[in-house]
Amino acid sequence: MDERCEKCGAPLTQDEIALHRKLVSRGAEKFWCKECLSAHFDIPVKRLDELVVYYREAGCTLFT
C-alpha cells in the first residue's frame, strides 16, 4: 500500500489509516496522517498514539 496523507502528502501507516477511519469516517477513502489529524482535532500526537493502543487492546478490528 502506498497511501499518502491527503493534506500534507506524508506516507501513511496502517495505524494512521485505521485512526482516520475511527475518528473521521469508516468509509473514508482518503486519509490524513497523525500530524494532520492532531492539528485538525487539536489533540497531541502522543494522545493519538495512546488511542491507537487503546483501540487495539479493546479489540477494534480496524487496528490489526
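Readers should treat all values here as calculations from the given coordinates under stated rules, not as data from a laboratory. Computed from a prediction, not measured in an experiment: that's the story for all the values here. Here the Cβ positions follow ideal geometry from the backbone for every residue, glycine too, while neighbour counts run over all protein chains shown.
For the reader, a short list of remarks on this structure follows.
- Of C5, C33, the sequence from fewest to most neighbouring Cβ atoms within 10 angstrom is C5, C33.
- The phi-based Karplus calculation (6.51 cos²θ - 1.76 cosθ + 1.60; θ = phi - 60°) puts the 3J(HN,Hα) values of the range 52-64 at 4, 4, 4, 5, 5, 5, 6, x, 4, 6, 5, 9, 9 Hz, whole numbers, x for Gly and Pro.
- Across the options L23, L12, C33, the greatest Cα extent toward the positive end of the charge dipole of the chain (unit charges at beta carbon of Lys, Arg, Asp, Glu) belongs to L23.
- Within the set [x] 20, 59, 17, 3, 0; [y] 25, 44, 23, 8, 0; [z] 24, 58, 18, 0, the number that P(r) over Cα pairs in 10 Å bins from 0, in percent takes when calculated for this structure is listed as [z].
- Linear extension gain, A28 paired with R56, 0.36 nm per residue minus alpha-carbon span: 8.1 nm
- Over the chain: helical MRE at 222 nm, DSSP H runs n ≥ 4 each giving -39500 (n - 2.57), nearest 500: -14500 deg cm²/dmol
- Amide H within-cut-off set for F31, under 5 Å, with H built and near neighbours excluded: E6
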